[in-house]
Amino acid sequence: MSQSGEVEKGMQEVIGIMNRLEGVSLHRKVGGHFRFRMHLTDEMYDAPVDALELSARPLNCLKRSGYDTVGKLAMAIDGGTDLKHMRGCGKDSVQMIMIRLFIYQYESLRPERREEYLREIAVMNAYALESGE
C-alpha cells in the first residue's frame, strides 16, 4: 500500500473512533489539522516508538532523529518540534506518525475515560457537539 493510502486508511480509523462519540460527526477536511492533547502514562512514555505500529518510512525517520520512545516523541511535539524538518520525513509520514500516536493513546486509555477524551478532542478541533434533543 502506498504511503498516501496508509494515511487515508489511518484517517478513516480516526474518523471511526471520533464518530463513536454521540453527537459528533467528523469528516476529513483537506488541509485541516487534527489536534489532540497528549495523556501518557509512565508505561506509555517509556514504550518504544515501535509500539505505534508505523510503516518503515515514518518509523525510520523517528529513529534516525533520535526519537526511540513514545515519550521523547510526545515531549518534542508538545515542545513545538515540527516533524516535517526531520530528514526524509514528508507530509504523509508526519500525518501517519500523528494518526498512530492518537490511536495508540486512545487505545491505551481505560474504557471509561475514552468518551471524555473524545469530547475534549472534539472541542479542541471545534467540532459542534449536538445536544441530542
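Taken together, the values in this text are just the output of simple stated rules run on the coordinates, not laboratory data. Because the structure is a prediction, the values reported are computed rather than measured. Every residue, glycine among them, receives a Cβ derived from its backbone with ideal geometry; neighbour counts consider all protein chains shown.
Here are the numbers for the structure shown:
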{"read-out": "Amide H within-cut-off set for Ala47, under 5 Å, with H built and near neighbours excluded", "value": "Val70, Gly71"}
{"read-out": "Hz values of 3J(HN,Hα) by residue in the stretch 119-125 - Karplus curve (6.51, -1.76, 1.60), Gly and Pro given as x", "value": "5, 4, 5, 4, 5, 4, 9"}
{"read-out": "Full-extension gain in nm, Tyr45 to Leu109, via 0.36 nm per residue minus C-alpha separation", "value": "21.7 nm"}
{"read-out": "Net charge over other residues, Cβ less than 9 angstrom from the Cβ of Gly88 (K, R count +1; D, E count -1)", "value": "+3"}
{"read-out": "Potential lengthening between His85 and Ala56 on full extension [0.36 nm per residue; Cα-Cα distance subtracted]", "value": "8.7 nm"}
{"read-out": "Summed side-chain charge close to Ser55 - residues other than Ser55 whose Cβ falls under 15 Å, Lys, Arg +1, Asp, Glu -1", "value": "0"}
{"read-out": "Approximate spin-label separation Arg119-Asn19, in nm, with each point projected 7 Å along Cα-to-Cβ", "value": "2.2"}
